[in-house]
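Just so it is clear, none of the values below were taken in a lab; they were calculated from the coordinates. Remember, predicted model here, so these are calculated numbers, not experimental data. Methodologically, a virtual Cβ is constructed for each residue, glycine included, from the backbone with ideal geometry; neighbour enumeration extends over all protein chains shown.
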Amino acid sequence: MIMTMIQAINQALAQEMERDDRIIVLGQDVGRNGGVFRTTEGLFDRFGPERVMDTPLAESAIIGASIGMTALGLRPVPEIQFMGFIYPAFNQIVSHVARLRNRTRGRFTVPLTIRTPYGAGVKALEHHSESTEALFCQIPGLTVVVPSNPYDAKGLLTASLRSDDPVIFLEPTKLYRAEKQEVPEEAYEVPLRRAAVVREGKDLTIIAWGAMIPAARQAAEAAQAEGVGAEIVDLRTLSPMDRETFVASVRKTGRALVVHEAPKTCGLGAEIAATIGESALLSLDAPVLRVTGQDITVPLPKNEGLYYPGPERILRAIRRLMEY
Amino acid sequence: MIELFDPLKGERLRVLDETGGIAPGLDPGLAEAELRTIYERMVRTRAADAKALKLQRQGRLGTYAPSRGHEACQVGLASAMAGDDWFFPYFRDLGMYITLGYPLADYYHLWMGNEAGLRSPDGLNIFPIAIPVGSQIPQAVGAGLAAKYRKLRIAVVTTFGDGATSEGDFHEGLNFAGVFRTPNVFVCLNNQFAISVPRARQTAAATIAQKAVAYGFPGVQVDGNDVLAVYAAAREALGNARDGRGPTLIEAYTYRMGDHTTSDDAARYRSKEEVQEWERRDPILRFRLYLGKKGLWDEAYEKAVQDAAAEFVEKAVAEAEARPTATPEDIFAYTYAAMPPELEAQLADLKAFLEEGRR
């Protein structure tokens, strides 16, 4: 069926809830309202208020209660309405979700999937546009996943819901309804911890994820017209990171460009560039470049375009890389 | 009984007075053997606590949070719990652990600095100690929600200090519990101090128990140095939780006789006179006086209890110190269900480094 990312996420949730009664969805407005983006639409009617729980407006307790549910064998799927509101729950995530398996030597695990919309580009209110994925990638024990299309969204979410590790599942709001795609009706997994080469090219490698993938594709098409073949690696799981896939690509192309919406300093681009330096230095024909948000607070909608990396900025970096 | 003591009127449940006299109408009616078991647990707790302090001073155990003065709260509460109830502890709960059957050797092993000691034995429903203050409270509520969902007739207990009641997680957790009427028993061990900051700096409310009123469920303040008062309140609250009558907040009014931890010096912020005043209200002494009046205590019994406690403690120390230290694999293997390649590489690098050192 042709569907949006929202429909794909909704279908993954419904199918896994049908298959596994340990899965409980909880959060603000996930019940009767079906979520502010409608990702949980229909679940309340189908599975009832015990499995699709509208909670008090309290992010720390939403995650904290989810942790407690796992002690009794449940697999909760808490939704934080926007990533900008996840910080009250940061203590629960960093101090408990990420560590429980290790600090109990495997007696307690935390198989929960925290879903949250993230990223800029939709002209939203303040606090609704940040991409702070790197904060979570610094925490051992967490798996951080970002889909870039409806097919991956369904398969990655299904894999996350079946994972025994805690997953932070970041849903790019800009892509929620941006693109429709053929998505299989039956349940399937897109494996976690595996990047994908989504466009082949011989001249340079673009490493990106989420909403930067469509932007990178547009830039790559423009570069193609100039005779430059750009390969694109969609990281998909940001942590633990599939380093082999992009290192192999850079060894082939000799040039690398990392694109992310998050600010430049201490962003994942730094980790990726360092990995390329460690593993593919002698293959490089140019320094690794980054196209990112600047190290500033994401501007309000009127000025968001100044911050947000788009195809033009990516193309400019491609030209620089090729001219080096 | 809980509803007879209105925290908004400053009423406090007390069963035993300081001379060991009992308020007849409030006697929880425990059998003689049960009373003695409670006493023996309290003595063991104090012995195990004193030993931990000694080990810390000898450099055999790390920073430690002593429990002295809290024996009535801990043993009274845990003695009222059933085997399939769940417990979400904080970090000053030794008597809970001893009463619930957590191996003391494991407990020492943890405070000696090894994660393996934090692994509850299978079948024992104890979540690991929460160090970030108050963070265990919403977790206990989640376990309560799960118990409701699975239609289990159990209660979920969580403990915390007076400082934790200022944390957002206290509010968020109790608010959740009220909304969903979860089978929780929240027990605040109000020991008058959060490290050095006195109880008066945590809240302007006259009691902590009265905060329950705003969450829509009962709260009761009990004399935390009276093991029978703690037991009686806990038994009723646990029963209410198991029977679907919702959560309860119990404030156990007590005093931290020791330092906050072995890194603290309480003499900097409280007077000798104040501490001496509380020595007079010692929970073990009070219960001993009660047992004596009932003819359940004499010198010979005391010696037997103390000897058994000492043996229990020494055995646990020997066992904990005989435990192997962790290997590099141990500290890497439990980060994820399956180790990612980057971690495998880092583990291999660490092992190579250690190997080079040996050559």
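Counting DSSP beta bridges with both partners in the protein assembly as shown, what percentage is antiparallel, nearest 5?
Of the beta bridges lying entirely in the protein assembly as shown, close to 15 percent run antiparallel.
Tilt of helix B:227-242 relative to the longest C-alpha principal axis of chain B, in degrees (0 to 90, nearest 10)?
So the helix axis and the longest Cα principal axis differ by about 80 degrees.
Per residue of segment B:252-259, in order, report the coupling 6.51 cos²θ - 1.76 cosθ + 1.60 (Karplus, θ = phi - 60°) as ³J(HN,Hα) in whole Hz, putting x for Gly and Pro.
Working through the residues one at a time gives 9, 7, 8, 8, 7, 5, x, 6 Hz.
Modelled label-to-label distance, residue B:325 and residue A:218, 7 Å Cα→beta-carbon offset: nm?
Using points 7 Å along Cα→Cβ, the separation is 5.8 nm.
Mind checking the dipole of chain A: about its Cα centre, +1 per Lys or Arg Cβ, -1 per Asp or Glu Cβ, Debye to the nearest 20?
540
Please identify, among B:341, B:328, B:89, the residue showing maximal mean-square fluctuation in a Gaussian network model of chain B using a 10 angstrom Cα cutoff.
Its mean-square fluctuation being the largest, the pick is B:341.
What does DSSP give for segment A:197-303 in terms of the percent of beta bridges that are antiparallel, rounded to the nearest 5? Working shown, then result.
Values: 2 of 15 bridges.
Rounded to the nearest five, the antiparallel share is 15 percent.
Nearest 10 degrees, 0 to 90: what angle lies between the long axis of helix B:71-80 and the longest principal axis of chain B (Cα atoms)?
That helix lies at roughly 90 degrees to the long axis.
Give the shape of segment B:119-222 as rounded, prolate or oblate, defined through the alpha-carbon gyration tensor: a ≥ b ≥ c are the square roots of its eigenvalues, a/c under 1.5 means rounded, and otherwise the shape is prolate if a/b is larger than b/c and oblate if not.
oblate
I want to check the label-to-label distance for residue A:281 and residue B:280. Put each point 7 Å from Cα in the C-beta direction and report it in nm to one decimal.
7.4
Rounded to whole Å, give me the distance from the Cα center of segment A:17-79 to that of segment A:267-324.
37
In a Gaussian network model over chain B where Cα atoms closer than 10 Å are linked, find which of B:173, B:117, B:29 has the largest mean-square fluctuation.
B:29
Check which residues have an amide H placed less than 5 Å from residue B:18's amide H, if you skip close sequence neighbours.
Here the answer is none, since no amide H 5 or more places off falls under 5 Å of that of residue B:18.
What is the set of long-range amide H partners of residue A:75 at a cut-off below 5 Å, with H atoms built 1.01 Å from backbone N?
Those qualifying (amide H under 5 Å, at least 5 residues apart or on another chain) are A:23, A:24.
Other chains' Cβ within 10 Å of B:145-151 residues: what's the mean?
Values: counts 12, 12, 4, 1, 9, 6, 0.
Average neighbour count from other chains, rounded to a whole number: 6.
Considering the options B:354, B:102, B:191, tell which one lies farthest towards the positive end of the dipole of chain B, charges being +1 on Lys and Arg and -1 on Asp and Glu at the Cβ, about the Cα centre.
Positive-end residue among those listed: B:191.
What does the helix-only formula give at 222 nm for the protein assembly as shown: each DSSP H stretch with n ≥ 4 adding -39500 (n - 2.57), the total divided by the residues, and the result rounded to the nearest 500 deg cm²/dmol?
Value at 222 nm, helices only: -12500 deg cm²/dmol.
Short version: ³J(HN,Hα) in whole Hz for each residue of segment B:57-66, in order, from phi by Karplus 6.51 cos²θ - 1.76 cosθ + 1.60 (θ = phi - 60°), x for Gly and Pro, what are they?
Values, residue by residue: 5, 8, x, 9, 8, x, 3, 9, 9, x Hz.
What's the FRET efficiency of residue A:303 with residue A:197 using the Cβ-Cβ distance as r and R₀ = 35 Å, to the nearest 0.05?
After rounding, the FRET efficiency stands at 0.50.
Please average, across the residues of B:111-120, the number of beta carbons from any other chain that are within 10 Å of each residue's own beta carbon, and give a whole number.
3
What shape does segment B:2-326 take by its C-alpha gyration tensor, where a ≥ b ≥ c are the square roots of the eigenvalues and a/c under 1.5 counts as rounded, a/b above b/c as prolate, and the rest as oblate?
Here segment B:2-326 falls in the rounded category.
Given the options B:129, B:38, B:137, which has the most mean-square fluctuation in a GNM of chain B, springs set between C-alpha atoms less than 10 angstrom apart?
Judging by the Gaussian network model, the answer is B:129.
For segment B:2-326, give the share of DSSP beta bridges that are antiparallel, in percent and rounded to the nearest 5; count only bridges with both residues there.
Values: 3 of 26 bridges.
Given both bridge residues lie in segment B:2-326, the antiparallel proportion sits at roughly 10 percent.
If packing is taken as the average number of other Cβ atoms within 10 Å across a peptide's residues, how do A:21-33, A:276-288, B:73-85 rank, most packed first?
Ranking, from highest mean packing down: B:73-85, A:21-33, A:276-288.
Inside 10 Å of the C-beta atoms of B:175-184, what's the mean count of C-beta atoms belonging to other chains?
3
Which of A:6, B:22 comes first, and how do the rest follow, when ranked by fewest Cβ neighbours within 10 Å?
On the way: A:6 21, B:22 17.
Ascending number of Cβ neighbours within 10 Å: B:22, A:6.
Quick one: 3J(HN,Hα) in Hz for segment A:197-203, Karplus 6.51/-1.76/1.60 with θ = phi - 60°, rounded, Gly and Pro as x.
7, 9, 8, 9, x, 10, 9
Out of residues 5 or more away from residue A:239 or on other chains, whose amide H comes under 5 Å of its own, with H placed 1.01 Å from N in the peptide plane?
A:144
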